[in-house]
1. Give region B:152-171 a look and list any residue that's free of Cβ contacts under 8 Å to residues at least 40 places away in the same chain and closer than 25 Å to B:V59 by Cβ, or say none.
2. For residues that are open to solvent by 60 Å² or more (accessible area, probe 1.4 Å) and under 17 Å from A:L102 (Cα atoms), tally how many sit in region B:92-129.
3. Pairs needed: first member in region B:3-15, within 7 Å of another protein chain (Cβ to nearest Cβ); second member anywhere, hydroxyl-bearing (S, T, Y); C-beta distance under 7 Å; at least 6 residues apart or different chains.
4. Take A:F10 and decide whether it is exposed (fewer than 13 other Cβ atoms within 10 Å of the Cβ), in a helix (DSSP H, G or I), within 14 Å of another protein chain (Cβ to nearest Cβ) and not acidic (D, E).
5. Give the residue, chosen from B:F98, B:F25, that is over 30 Å from B:S133 (Cα atoms), at pLDDT 90 or above and facing another protein chain (nearest Cβ under 8 Å).
6. Kindly indicate the residue of region B:127-156 that is among the hydroxyl-bearing types (S, T, Y) and assigned to a helix (DSSP H, G or I) and also farthest from B:R110 (Cα to Cα) among those meeting that condition.
7. Under 6 Å between Cβ atoms, which residue pairs at least 6 apart in sequence (or on different chains) link something in region A:339-365 that is buried (at least 16 other Cβ atoms within 10 Å of the Cβ) with a partner that is among the aliphatic types (A, V, I, L, M)?
8. Does B:E207 fit the bill of being at pLDDT 80 or above and away from chain A (no Cβ under 12 Å)?
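The values are calculated or read from the model by the stated rules, or taken from the named source; none is laboratory data. Please read all numbers here as calculations on a predicted model, not as lab measurements. FYI the Cβ positions are ideal-geometry reconstructions off the backbone, even for glycines, and counts take in every protein chain you see. Each accessible area value is taken on the protein alone, full model and side chains, heavy atoms only, with ligands, DNA and RNA left out. Shrake-Rupley method; radii C 1.70, N 1.55, O 1.52, S 1.80 Å.
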Amino acid sequence: MRLNALLRKFDSRMNPIAVKELRQISRGKFLPVILIGFLFMQLLVTGAVTFSGSAAPGPELYEALFVWLTVICILLIPAYAGFRLAQEHSDMNKDLLFISTLKPVSIVWGKTLSAAVLVALIYSVCMPFIAMTYILRGVDLLSAFLNIVLSYLFTLTAILVGILIGCMPANRFIKGIIGLLGLFLSFFILMREPILPRLIAESPANMSFQEALEAGFRLLWIWAFPSIGFLLLSAAFVSPPSANRAFVPRVYLTAVWAASYIAVFVWDQINGDFDLIMWWFVLSFAGFGWALTVSVSERDEIGLRVRQKIPRLRFQRAFAFLFYSGSGGGFLWASVGLVMTYLFWSCAFAASSGGISSEDFLDYLNRFGFASLNAWNAAVCAVFIHRKFLRNRVSGAYTWLIAIGVYIISNLLWGIFAVDSEAYRYFDLIELLPGIMAIGAAWASENPPTAAAGVIALILGCACIPWIARQAAAFKPAPLETRGTQKIGSA
Amino acid sequence: MEVKINRLKRYFGLTRAVDDISFSFSSGEIVAFIGSNGAGKTTTMRILATLDEPTEGDVELDGVSAVNHPEQVRKLIGYMPDSLPTHRDMTVHEYLDFFARAYSIPSEKRAQTIDDVQSFTGLGDIRNNTLHSLSKGMKQRVSLGRALIHDPPVMVMDEPAAGLDPRARIELRELLRILADQGKAILISSHILTELSEICGGAVIIEKGKIAVAGTLDEILSQQAPQTVLAVRPAGGLEEARQALMLLPNVENVAVVGNELEARISGGEEEASQILSELMKQGIQIAEFKRRGGDLESLFMQITGKEDEGNGK
């Protein structure tokens, strides 16, 4: 009886989306095809390595299997999860599950969970072959286990990215491009991040406590924080437009940004290692840069539901304006975040003993400053283009696409007219991380026209003051309207 | 439960799909939502179901706004869309089970609820069939079952009878009557107007996003039909009776339909009784004389015809 009650309780708490997805997966053709495909692939790889006459078949086979497993799981499963969600959540054809009483986080979590189970199944198919590499010698169990855990964790992040792209307001073509771009950037992040190749190449058992701590910290940063962020962002996209859906992602981003700054600052003070501060700076630059474009896609007029939650005290209301849904407040929040990032980064540079040289600092400041100003200008231009010319033709949710278009065009124009083409050069990979926002920085010359971009930003800033002021003035609770209706008669 | 649609507008770019419509209906009522293709019925229903957001206006269910509190409204509405469930690799039972879970029906009640819905909609025998193997009529039943799974007080049904065979239509009509008797407020759209007039108490006719007529069926039929149609079956010669009818005042048109004469007259009951006595005076033997009420079909044609004339078509 007790077991039955326990099972019933467990059944009640199971995520409905996960149950549905797993039922569909188990009944469909995708799972058997992919599992059998994996088995054949592993047999081929194992056969090729075993009969190649290698001196160290264990590590060689392990590396081959591990790379195949990771790459295919990071590519295939997120694309599958994202595609399924995009099919169910297109603008014109929303699945009825989105009008059930399921919470947006539950929907996203259920999709993630089912994809995670699918990945676990694929990993389980690989396990006998991975175990064989140990039998062949040259592979230590702890490293093998840790690598597989890491690879699994990063596959989960990739799934969350796939789901996030699936929820975005864009057509399939644009979602596909964003997916490819995300993949490209993720690849560079992983290759740039030294802890992963080290973990793969070396035995973690040989790491000192400090090295393990650093590794854990970096993992938290490049895995846990972004993953939670992707989950919250996806949930925000799935939430009803009238909800205060920007609130949680903005609070989360701000909290992670502030907490991680404190952590990297303290780390630098103790160890004299400025590298983590540079990571913090680049990721914050990327985060707020993207936030600028996303925020202008929000609504100018907030609904009753958001207004009902606006605090009455003026000071609290000012903060709420930055964090609550609404394009003006969101744009201001991202702008403040970007400025504060430069300010804090400069403070950390001044306080650091083992930081970068002054020349390098100014060079970074100049190029990233140029890219930030360009991104800011593009976002403001997109607001004007949409609100003045396209308001009745294109949904405001697509303003971010206009902003990206303007950003790319403006960078091309800078390249043609304002930058010495002889001085063009690609910068190291760290500047590619922020994605589209860094295109400007990567393409800028050694002396980008930051001052000119600043002047344009100043002009555009003045022009957009009425847009923000109008929204700030309307940011207060409003009474309910009563309207007449025609009563239809009896049955 | 009262459903109020308040000055609802939905624009897609420059197209005004729904243009300032307001009406309301309550528990136990079945209201027909009628209009040509592209009139704005589905858009309105999608807004009611919280699948879409209005450009302006709101929908309220006992004061709960569908725009501001869609999560609360979702508990109260059962929406049956015009598209059929197409989830691949899912059985009927799994589909209903998923939605029962999605509406947070606890596991101890879930099995019973699904059984009840399956038996009410006649899905018990096909519970283990996959959705894509079902006929259109069966899919409609699954769709109805899904909409009923959380026992909502309001049902919004978009073309539920489309593609159903006559037997299935009759069964659907009976199901709707039972649901209305249970106290559910039902808004139903269909192109089969004769069926709607048999089950609906009220109707809203929408044309090009605007309400053309709305009210109880009796109200709108009497308001909108200044002409009365009389069915006359003479005991004697049909042609003789037709000639006599044609010459009488208030008679506008007489047509022969089978062994009957169908006369359109201006006016109502009084004029009809005068015509009957005139015929009797002239010695025309009458076997059957009845006044035909206006019907939704002719009313709809009349309204959409007016719209077309107004547009110079």
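1. Taking region B:152-171 as the starting set, the residues that turn out to be free of Cβ contacts under 8 Å to residues at least 40 places away in the same chain are B:161, B:163-170.
If the condition is that a residue be free of Cβ contacts under 8 Å to residues at least 40 places away in the same chain and closer than 25 Å to B:V59 by Cβ, then B:A161 is the only one that fits.
2. Number of matching residues: 1.
3. Here the result reads B:K4/A:T485; B:K4/B:S24; B:I5/A:T485; B:I5/B:S22; B:I5/B:S24; B:N6/A:T485; B:N6/B:S22; B:R7/B:S22, each pair linking region B:3-15 to a residue that is hydroxyl-bearing (S, T, Y).
4. In short, yes.
5. B:F25
6. B:S133
7. Once the first residue is buried (at least 16 other Cβ atoms within 10 Å of the Cβ) and sits in region A:339-365, its partners that are among the aliphatic types (A, V, I, L, M) give A:A348/A:I277.
8. Here the answer is yes, as B:E207 does meet what is asked.
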